[in-house]
Ligand SMILES: Cc1ncc(COP(=O)(O)O)c(C=O)c1O
């Protein structure tokens with residue numbers, strides 16, 4: 001539509017731009033390549049470093065395994081392979097190839113219990129962000145339970161215990177009239193403790209809540225955040241996760257994960273948890289998720 005004000009603005013802008021001494025180049029996407037160079041060619045790289053006078057700009061990029069971190073600008077750049085996959089991707093609007101591949105990957109990563117056995121009832125939902133998934137989860141829980149609470153001018157009835165709720169999780173819980181209860185581990189509460197798994201659930205506190213029928217009836221499910229980001233990104237041990245699950249199963253209470261950083265948590269367990277000795281990351285992940293009823297992943 002013709003807009004005289006806009007036309008005059010564009011004329012002024014074009015005149016100013018014509019006078020500019022240097023002009024920004026138009027937006028351009030860069031691509032980096034992920035290099036398969038062997039990490040063992042250390043000696044060759046050492047010699048090259050000397051020959052280039054320790055000047056990282058002169059070091060041949062092709063000799064760097066993986067991606068170089070010469071600058072942090074552009075590190076979010078995609079690799080050539082990612083770009084090519086994007087152009088080859090199936091972008092059909094609904095139920096495209098990627099959707100089915102994703103569902104298959106969920107089963108491969110987390111275990112056969114995640115297979116959808118009832119085609120009328122989805123068991124995997126995709127959200128654009130973790131906090132949107134949380135909103136979906138807690139709003140539907142509130143719809144099912146009819147959570148009495150703040151909206152009705154009352155104290156929340158339902159309590160969601162966790163080893164540590166992330167702030168967006170807590171906000172979504174409270175916005176739906178539930179209470180978010182943090183059961184931080186004693187090691188996390190004792191500042192400066194050097195324990196490895198400070199992200200654990202405080203099992204004594206959880207047991208006390210579940211053993212008392214008055215509080216147990218107020219717990220629709222227990223939530224385990226791995227890693228415990230609110231507690232400073234601290235890992236939770238497989239032993240603690242499994243004991244939490246045992247307590248939940250013994251009391252017939254569902255056990256859900258906020259699996260935001262499950263891969264790092266798996267790695268840390270692989271390195272330090274005796275139960276994971278000699279296991280691959282994929283096996284550790286299975287051990288971690290086996291006892292769960294469901295999961296929300298940011
Ligand atoms: C433990 C945890 N839960 C939930 C979220 C929310 O995820 P998102 O930032 O994708 O909304 C985050 C985000 O960092 C998180 O660390």
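The values are calculated or read from the model by the stated rules, or taken from the named source; none is laboratory data. Worth saying up front: this structure is predicted, and the values here are computed from it rather than measured. FYI the Cβ positions are ideal-geometry reconstructions off the backbone, even for glycines, and counts take in every protein chain you see.
Quick notes on this one:
- Only residues that are at positive phi and surrounded by 10 or more Cβ atoms within 10 Å (Cβ to Cβ) were counted in the stretch 87-145, giving 1.
- All positions within the stretch 115-146 that are part of a helix (DSSP H, G or I) and either within 16 Å of the ligand (Cβ to nearest atom) or touching a residue at least 40 places away in the same chain (Cβ under 8 Å) (or both): 130, 131, 132, 133, 134, 135, 136, 137, 138, 139, 141, 145
- Yes/no for residue 110 being under 18 Å from residue 174 (Cβ atoms) and either assigned by TED's automatic domain parsing to the domain that holds residue 161 or away from the ligand (no atom under 16 Å from the Cβ) (or both): no
- When 202, 212, 252 are screened for being under 17 Å from residue 181 (Cα atoms) and free of Cβ contacts under 8 Å to residues at least 12 places away in the same chain, only 212 passes.
- Taking helices (runs of 4 or more DSSP H) as the structural unit, those lying wholly within the stretch 200-298 and holding at least 3 residues that are within 16 Å of the ligand (Cβ to nearest atom), in the same structural domain as residue 189 (by TED's automatic domain parsing) and out of contact with any strand residue (DSSP E or B) (no Cβ under 9 Å at 6 or more places or on another chain) correspond to 262-272.
- In the stretch 157-182, the residues that are surrounded by 20 or more Cβ atoms within 10 Å (Cβ to Cβ) and outside any strand (DSSP E or B): 158, 163, 164, 165, 166, 169, 170, 172, 173, 176, 177, 178
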